[in-house]
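The values are calculated or read from the model by the stated rules, or taken from the named source; none is laboratory data. All figures in this text were calculated on a predicted structure; none of them were measured in a lab. Neighbour counts are summed over all protein chains in view; Cβ atoms, including those assigned to glycine, are modelled from backbone coordinates with ideal geometry. For accessibility, only protein heavy atoms count, side chains too; no ligands or nucleic acids. Shrake-Rupley method; radii C 1.70, N 1.55, O 1.52, S 1.80 Å.
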2 protein chains.
Amino acid sequence: MESIESYIKALIQMSGDGPVELRRNLLALHFGCAPSQINYVLQTRFNPESGYLIESRRGGGGYIRITKLNIDPRKCRILAFLEEVVGRGIDEAGATRLFTRLLEERLLSERETQICLAAVRRDTLDLPLPVRDLVRGRIVKAMVLALAKD
Amino acid sequence: MESIESYIKALIQMSGDGPVELRRNLLALHFGCAPSQINYVLQTRFNPESGYLIESRRGGGGYIRITKLNIDPRKCRILAFLEEVVGRGIDEAGATRLFTRLLEERLLSERETQICLAAVRRDTLDLPLPVRDLVRGRIVKAMVLALAKD
DNA sequence: CTATCCTGACTTTCCCTGACCTTCAACTCC
DNA sequence: GGAGTTGAAGGTCAGGGAAAGTCAGGATAG
């Protein structure tokens, strides 16, 4: 387990902290474990809270791409906040405050802020409470994390 | 697959973004694949969401014509498409194609594309079908309109 | 005993194919 | 010259194989 984790981290370091692509089955073969074990490692060690983003594709020529998020201290607090947002949900006013703040801190451009706000407006989602605030929470988190990648 | 896609795109570029005519069987021969594979590529990569129009003719002297839709008259075409998207909903693959197309057209930056894609991912929305595709449709429309607003 | 690690069976997604269908132009035959 | 024939295109669809995802639950370390 430990070894899978450090193997992947070594790969990332070798690629200069850029994105790394893996083949799940090959990696499982290499470590003599079940393929689903790879998923477990990714979920527990390479999740957003640990500063990583996972993307993947199934089918022929499938892959798993791991991107190390650019984490600075400011964003650290945001990560914790995002977790809370996903758990409890967030209302439109709260989301607006968050995006406005990110705009002020120059973490979001004007256009990006407009996109984010449009995506989570009440009449865009058009769902009954409380599910609306929960869905909004997940969207907010996904969008903010997408920015931390690069 | 990838290669067929980029081959066709190269053809289009060489023709100055004008219409391009292909012979399905020749292309299949050239890439050593089944002719129906060509149809698959066309359906998944050169559909209206990606901004392409396909016309074809069977029988002797048949052909497949691919036209890259110009973004200039997009004001009407995209708006009409967005209305459709809101009515019928849109799946993740369709939304991805749309945003990728907007990125290619430089109507979206790389970062903006990432935000949009993250917002409408299946596991972000985490809603049961068919409501998931409908919500995604509304979000897609809202985000695209937010961009058009300047 | 509990938390963590790990697995196998099942699911989902994506690519690709072959068998069969539809359409078109040219050709034949009267 | 019109009606049927025919061969050469492209279209469609169910299904198979590859690869990753999920999840309930067993195994194990502390």
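Count neighbours as other Cβ atoms within 10 Å of each site's Cβ, and list the GluC sites (Glu not before Pro) in the range B:82-125 that are DSSP loop with at most 14 such neighbours.
The qualifying sites are B:Glu105.
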- request: Using only the Cα atoms of chain B, construct the convex hull and provide its projected area averaged over every direction, in square nanometres to one decimal.
  value: 10.2 nm²
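On average, how many beta carbons from a partner chain sit within 10 Å of the beta carbon of a residue in A:123-133? Display every interim value, and only then the final one.
Values: counts 2, 10, 5, 6, 5, 0, 0, 0, 3, 1, 0.
Across A:123-133, the average partner-chain Cβ count within 10 Å equals 3.
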- prompt: If R0 is 45 Å, what FRET efficiency do you get for A:Ala10 and A:Arg97 from their C-beta distance, rounded to 0.05?
  reply: 0.65
query: For labels at A:Arg77 and A:Met1 in the simple 7 Å Cα→Cβ model, what's the distance in nm?
result: 3.4 nm
task: Give, in whole angstrom and from largest to smallest, the semi-axes √(5λ) of the equivalent ellipsoid of the range B:74-148, with λ running over the eigenvalues of the Cα gyration tensor.
output: 19, 15, 9
- line: Given pairs A:Lys9/A:Lys141; A:Lys141/B:Lys9; A:Lys9/B:Lys9; A:Lys68/B:Lys9 and cut-off 30 Å on Cα-Cα distance, the over-length ones are A:Lys141/B:Lys9; A:Lys9/B:Lys9; A:Lys68/B:Lys9
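As an exercise, use a Förster radius of 41 Å and the Cβ-Cβ distance of B:Ala34 and A:Phe31 to find the FRET efficiency, rounded to the nearest 0.05. Provide the component values of the computation, followed by the final result.
Working: r = 37 Å, r/R0 = 0.89.
Step by step, r from the Cβ atoms, then E = 0.65.
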- line: Stokes-Einstein, Kirkwood over Cα pairs, the protein assembly as shown, 10 °C, 1.306 mPa s; D in µm²/s equals 74 µm²/s
query: Quick one: Karplus J couplings for the range B:15-23, per residue in order, coefficients 6.51, -1.76, 1.60, θ = phi - 60°, nearest Hz, x for Gly and Pro?
result: 8, x, 6, x, x, 10, 10, 10, 10
query: Going by accessible area, probe 1.4 Å, with all protein chains left in place, what is the ranking of B:Arg136, A:Arg23, largest first?
result: A:Arg23, B:Arg136
